[in-house]
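These notes concern the structure reproduced below.
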Amino acid sequence: MPDQTQSKPPARSSSYPWSQDTTSIGGIGPKLSMLLKRLGINRLADLVLHLPIRRESLTYWDGALPLPDGPVVMRVDVQAHKPGYRRSPYRILACSSALDVELFFFHAYPQTLLRQFPEGHGVAILGRPRMQRGRVQILHPETLPDDAADFRLIYPLTEGLTQQRLRHFIGMALAQFVPPPEWLPKELLKRQQMPDFATALEMIHGPHAEDKPEFEQARRRLALDELLAHQRRLLALRRHQEHQNVAGLKPSPNIAPAILKALPFALTKDQKMALQTCLNDMATGQVMARLVQGDVGSGKTAVAFCSMAAMAKAGGQSCLMAPTDLLARQHEQTLRPWAEALGLTLVFLSGRLKAKERKKALEDIAGDADIIIGTHALFQDDVVYSRLGLAVIDEQHRFGVAQRARLTGKGQGVHVLAMTATPIPRSLAMALYGDLDAVQIREKPAGRKAIETVAMQASRIDELLDGIKRVMSRGERVYWICPLVEDSEALNLTSAEQRQEWLHSKLGTEIGLVHGQMPALNKDDVMARFQQGDLQLLVATTVIEVGVNVPEATVMIIEHAERFGLAQLHQLRGRVGRGALQGRCVLLYHPPLGPLSQERLNILRHTEDGFVIAEEDLRLRGAGDMAGTRQSGVPYFKVADLVRDQELMADAQRLARMLPDHEALRALDDLFAEGDLGDLRLAG
Ligand code: ADP
Ligand code: MG
């Protein structure tokens, strides 16, 4: 029986106030803390480490036309409140010295608005004016204090929060922040001209201009800290595995024809090569640590299945862990017939099983199950495997190092096969995943047609509808992605709801909607209805699952495509054209396009190779791009940028090995402790 306590993450020190739950801040209750969790903010430490995406200087506008482009500050006198009925918006009529403006709010609390915008008073507001039927409107303006600075910080948000509120809470957390002891060597700080941790935090959340050298030094300091904490976790994992140092089970390195016959298709050359690599790894007598990288739709699941079947033939169990219930269910449905063809026992386990089903599943896992498919439930304490030999981790970046350790701790000498659709370059994969050796699947299964990608001006949206009607009449399905409004998720939701209504009025059929504010259960429900064809058109903010397979989905429409990063667009597009049917992707844009946006859309029209796109993405990204890592689809680090900070990554690797473990370093571990990674969000 393996010692299970060993595989748990080190106990968290609770002596630091920054480990406290966010609810320890005045004004944050259970509901808000749930919203914050969606941003990966669980503790006070996560609040202060939630960094701004960018800083904006504020422009004042008195209302004289032409309409400014982008957010402005206005002084207005509030004239009248017009509460909305049912789903219509709450309106406030106001005027500036030059014209009348209408302020619009969806999902508003009247009491809050009455307090923020007292009738007959003047207020300073911040928002993006737009012209609608000859009137100037502003959707969801913020109010500003009278002594507002002439800049504002923009933080990544989630639906249901506003910049204003989030900024307030971050400010409170900073005010309570107790500076930690120094963990970096003094000479290093001096040589690199890096400030101490607390000073660096202040600098990042402060009014300093991004192009000041002190700002970049502060950012680098925090990035180094984050990378060091990550390297320390990898090191601990490796030591733990070495400690366990027992040979894993050795399946035969020869691909068994019977296993290949159980599949409904022949493996591609790259799939075979990846499978062979895994079998060779497991045959060495050492424990496998393999990363399979391949674009969405490249067929990683089949490689995983063959490895698991080979493990079963050698007498071991395998498990396949997916980040969501829906993805795990999807794997179960795909793999069950394949497993049955080979006479293998397949078991499903997730947190959503009923007590009786769960009991039966646990019995099978402790008994003669060959393949176990599930979610995070797979590594919980009460799950005992009879002979776990291989752990497959799908969407690897959605799980933390500690979670992986807990899963492999469920057996001795457990081989690891991690899979990811994030095509990051090999050097970065090394730093990110440390011990994992990467193998790539670049070739797509035969018979798959290239996705037709077109860029189209948003003004032609009505023409698009005819095409959509045609596609839907053939029983095919359509994704409609709403624009990303980086700094206001309230607007993301609003625009998605409006689009849903508009499409319903034009097409007359029921239109599905998924967004980040929905509970996971409802989201899965809508996705399942879309999968079954009960809904044919699905409107979504950018939160839809990367791995969901709907072969009948043939059209992907992305509104305001110019606002998305390349990697994001590529990931979104990868959701269509997964079956034999021709896939199409329509990139709707609003002219004029800047040269960078133009180049991005062009690249996308000309290639579907995720590795090429990833490289182009890195090449095109601006230097001051704080959201860099998030944009490239690896929501792993809060501060560090995988490209810009490559040199720091090497430093962190060296420091992790060199620095003797001491109290201050444990404070670092604690500050950057891996939380629940939460939903994968394609955008901040
Ligand atoms: P991903 O790499 O994104 O996890 P999947 O494993 O889900 O991709 O495969 C995507 C689709 O391609 C599935 O429907 C799968 O059955 C199919 N597929 C995988 N390999 C092949 C192949 N060699 N030939 C034909 N279809 C394949
Ligand atoms: Mg997959």
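Odds and ends about this structure:
- 22 Å Cα-Cα threshold exceeded, pairs from LYS300/LYS359; LYS269/LYS449; LYS359/LYS523; LYS31/LYS359; LYS523/LYS638; LYS250/LYS410: LYS300/LYS359; LYS359/LYS523; LYS31/LYS359; LYS523/LYS638
- Between 0 and 90°, nearest 10: helix 610-620 axis offset from the chain longest Cα axis: 40 degrees
- Global geometry of the stretch 452-607, whether rounded, prolate or oblate, following the gyration tensor of its Cα atoms and the 1.5 cut on a/c: rounded
- With 10 Å bins beginning at zero, the pair-distance distribution over Cα atoms of the stretch 257-441 amounts to 10, 41, 38, 11, 0 %.
- Taking amide H as placed 1.01 Å from N in the peptide plane, VAL392 has its amide H under 5 Å from the amide H of CYS319, LEU320, MET321, LEU417, each at least 5 places away in sequence or on another chain.
- Isotropically averaged projected area of the chain, using the convex hull of Cα atoms (one quarter of hull area), nm²: 30.3 nm²
- Its DSSP H runs of at least 4 residues, each contributing -39,500 (n - 2.57), put the calculated 222 nm mean residue ellipticity of the chain at -12000 deg cm²/dmol, to the nearest 500.
- Note, ³J(HN,Hα) from phi for the stretch 340-351, Karplus 6.51, -1.76, 1.60, rounded to Hz, x at Gly and Pro: 4, 4, 9, x, 9, 8, 10, 10, 10, 9, 9, x
- Karplus-derived 3J(HN,Hα) values for the stretch 307-313, using 6.51 cos²θ - 1.76 cosθ + 1.60 with θ = phi - 60°, are 5, 5, 5, 5, 5, 4, 5 Hz; glycine and proline are entered as x.
- Karplus-derived 3J(HN,Hα) values for the stretch 377-391, using 6.51 cos²θ - 1.76 cosθ + 1.60 with θ = phi - 60°, are 4, 5, 10, 5, 4, 7, 8, 10, 9, 6, 7, 5, x, 9, 10 Hz; glycine and proline are entered as x.
- Reported to the nearest whole Å, the Cα centre-to-centre distance from the stretch 147-192 to the stretch 22-48 is 14.
- Tilt relative to the chain, helix 646-658 - C-alpha long axis, 0 to 90 degrees, to 10: 50 degrees
- Once Rg and the Kirkwood radius are both taken over the C-alpha atoms of the stretch 166-275, their ratio Rg/Rh works out to 1.29.
- Helix axis angle, 520-532 relative to the chain longest principal axis, alpha carbon, degrees: 70 degrees
- Dipole magnitude (debye, nearest 20) for the stretch 14-130, charges at Cβ of Lys, Arg, Asp, Glu: 480 debye
- Extending 7 Å from Cα along the Cβ direction at GLU663 and again at HIS590 yields two label points whose distance is 5.5 nm.
- For the stretch 114-187, applying the loop criterion from DSSP together with a ceiling of 12 other beta carbons within 10 Å to the trypsin sites (Lys or Arg not before Pro) yields ARG133.
- Counted over the chain, the DSSP beta bridges are approximately 35% antiparallel.
- Size descriptor for the stretch 337-462, Kirkwood hydrodynamic radius: 17.7 Å (Cα pairs only, one decimal).
- Rg and Dmax of the stretch 59-148, based on Cα coordinates, read 12.2, 36 Å.
- Most positive-pole-ward Cα, LEU227, SER252, VAL123, against dipole of the chain from beta carbon charges: SER252
- Rounded to the nearest 20 debye, the dipole size of the stretch 257-441 about its Cα centre is 160 debye, using +1 on the Cβ of Lys and Arg and -1 on the Cβ of Asp and Glu.
- Per-peptide average of other Cβ atoms within 10 Å, ordering 603-614, 34-45, 80-91 highest first: 34-45, 603-614, 80-91
Bear in mind these aren't lab numbers, they're just calculated from the coordinates by the rules spelled out. Everything numeric in this text was worked out from a predicted model, so none of it was measured. Because the Cβ atoms are built from the backbone with ideal geometry, glycine has one as well, and the counts that use them run over all protein chains shown.
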